[in-house]
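The values are calculated or read from the model by the stated rules, or taken from the named source; none is laboratory data. For clarity, every value in this text was computed on a predicted model and none was experimentally measured. Ideal geometry is used to build each Cβ from the backbone, glycine not excepted, and the neighbour counts take in all protein chains shown. These accessible areas exclude ligands, DNA and RNA; they are computed on the full protein's heavy atoms, side chains included. Shrake-Rupley method; radii C 1.70, N 1.55, O 1.52, S 1.80 Å.
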Amino acid sequence: MLRELPDEAVEGPIEAAFEELRALAADGRGRCTDALAGALLDAQILALERGDRGEAWRRLDELRARLHGSGAPDLLQDRLAAALFNAHRGGLLLDDEPMRLAALEELRMRARFDPSAAACRVALAELLADRVATSCEDGDEARVAESLAELEQLERHDRGFRVARELARALREQLVAFPAREVEALARLRALGEAHEDGRVDLERARALGRAHARHRSAAVDEDEDADADEAGESADERADAALEALRALVRARGEGEPSLVRELARVLRDVAVFGLGAWESEGAGAGLPGAAERGLNELRLIHERHPADLELGHILLEALLQVHLNAAELGLDEVCEYLQAEADSLLDHHTEAEADAGARAKQRTQRQLGPRAGSEREVELLLALRREHLRMLVTTHARVGDRGEWVRAELLLSRARNLVDLAGGSLGMVELFAQMLVNAHVDAGDSRGGGGAPSELAQALLVELRALARQHLGSSALQRHLATALFNAHVDASRRSEVLGGDLRASEALLEELEALCRANPGQLELPRRLIMALVNHHGMALERGDRDRGAVLLARIRELGSGPEADDHLRVQLAMALGNTLAHSESFGLGQDSARLAHELRVLAARKDASPTLRALVLEELSERFAPKQ
């Protein structure tokens, strides 16, 4: 609350509180000494936020004096280390190099010469690890080596696991940034893990092995194997396999009681399955999964079977299933897609039921006043992610089923997706994915009629549902884009019906007006004018075919406005060229011979733009050639 008040309004109350705390601490009360140290630390942070360097140093000086005069130095070491850490960070933020260097040198001095200053050694290790990360981003390998040498010296002096964790983090950053140092970094990480047997150190080593595996596996897919051999004659695939085997050995050595290590192994196996899909492109798609992808998935399935209640492992497995499913769908492997979809359905059902049972037990514990279940927020987040990945797979399956004309199954998949979104509490990301399914279903509903006839009740209901979602989430550009796509499709369908059946144009006109209103309500969203101009060009062409010169002129004026405006892109200009070409083709029938030259000039201006795409220039050339080419 004091932070929200002006400085002069809080200075008096703060100093009065400090005097009272000092008096209580002077009586030798340990808790009051700790409270005073905490208050001094908070006051230093507040001073740094205000940019008051003098005040920040004054609070640090008092903390230092309290440490030397206190009978409980261990109690204040953590506070002093935090204050020096803050002074270093404050020097960076305030561009105060003397403050930063002074804090860093004091941390170094205390870390080296004060055996009781373990907190200072940890703070120094964190600063050095941060400097390694920053230097890696800058590509400064010399500074990385310098910081790592100091970190290793600090680790040998301290031997505590907290310093070792920071050294492990720095080594992982070096491995990621400088591939040439990979072997050295992995060897040092292994030695560090054997010396400390700390879970966090092991986790950093596991992450480093995962990055090494991904790098080599990617190189094996993207590059020629012969060109990718290292000095020892190992190929990228062999180095990737070595990294994976080292990770397996680490998990076996520590036992599967370390969930974080098991999850890192699962992530690497997910990559094995996904990278293994390259065999489909290089060897030709067969009836089933290629061997590498199948082995990766099988090992991942086995890990999940041993830890069936682990939601994070379930999410990793579903991510792998999704990626394999997407590739299989692109290659038309229907049988593979079907059993992967069935497995994903079963996986989601398993975790949904397990979470429902766990929630019921947590409710009972709460009623007995034993408190809520730990980690429940993370589990809710993971379950939402699980449902989102499953919905992505449903979107792909629904599109594939619709393309095959399996309308009944497509409706069942849409119903399941709707239920997933409801269970997720209307998560915006899932709503946007579901809207994509609605657009596809709306197209399928038109195709299922086989052409002709009035729009089906299903198509109308789907469009109503899309409108409702777009109104409910006005800030979602994806939902507005999906609605615009559905309106464009409905407009084309209505125009086709009016042409085939000789009906009126009120339906297509109304949809065009709705698209216009949607664009006006969402300025700055380029995708909406793109949908609108395509609908206008379609309507303009039909007006010309009907011989409605006046309506065609009005529509062409609106198309010019969109295609020639300051925010117009090449897509809009291509549509404008199409409309001009249509008008030019009908100029003689409308008695517009004198306007032909003006229309042709307008087309040439579009093609002459420096940013005109090859598509636009080819279209203009085709339109002008048909009109002005010599008659044979």
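Please give the FRET efficiency for Thr615 paired with Asp422, using the beta carbon to beta carbon distance and R0 = 30 Å, rounded to the nearest 0.05. Provide the component values of the computation, followed by the final result.
Details: r = 43 Å, r/R0 = 1.42.
Using R0 = 30 Å, I get an efficiency of 0.10.
For Leu412 and Ala149, FRET efficiency with R0 = 60 Å and r from the beta-carbon atoms, rounded to 0.05?
Working: r = 63 Å, r/R0 = 1.05.
In this case the efficiency is close to 0.40.
Could you calculate the contour length gain from Ala510 to Ala309, that is, 0.36 nm times the residue separation minus the distance between their Cα atoms, to one decimal place in nm? Show your work: numbers first, answer last.
Numbers: separation 201, 0.36 × 201 = 72.36 nm, distance 5.28 nm.
Taking 0.36 nm per residue and subtracting the Cα distance, the gain is 67.1 nm.
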### Task
Kindly write out, for segment 120-126 in residue order, the coupling ³J(HN,Hα) from the Karplus curve 6.51 cos²θ - 1.76 cosθ + 1.60 (θ = phi - 60°), rounded to whole Hz, with x marking Gly and Pro.
5, 5, 5, 5, 5, 4, 5
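Starting from the Cα-Cα distance between Arg159 and Arg560, subtract it from 0.36 nm times their residue separation and give me the gain in nm to one decimal. Can you show the working numbers first?
Working: separation 401, 0.36 × 401 = 144.36 nm, distance 7.35 nm.
Contour length minus the Cα-Cα distance gives 137.0 nm.
Relative contact order for segment 524-631: what is it in percent, counting Cα pairs under 8 Å that are at least 6 residues apart?
Dividing the mean separation by the residue count of segment 524-631 yields 24 percent.
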### Query
Highest mean first, what order results for 306-318, 137-149, 263-275, 332-344 on Cβ atoms within 10 Å?
263-275, 306-318, 332-344, 137-149
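Using a Förster distance of 35 Å, how high is the FRET efficiency between Leu93 and Arg248, based on the Cβ-Cβ distance and rounded to 0.05?
Working: r = 44 Å, r/R0 = 1.24.
Result of the calculation: an efficiency of 0.20.
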### Query
If each of Ala608 and Arg404 carries a label point 7 Å out from its Cα toward its Cβ, how far apart are those two points in nm?
5.5
### Query
Accessible area per residue, 1.4 Å probe, Å², for segment 475-588: what's the number?
43
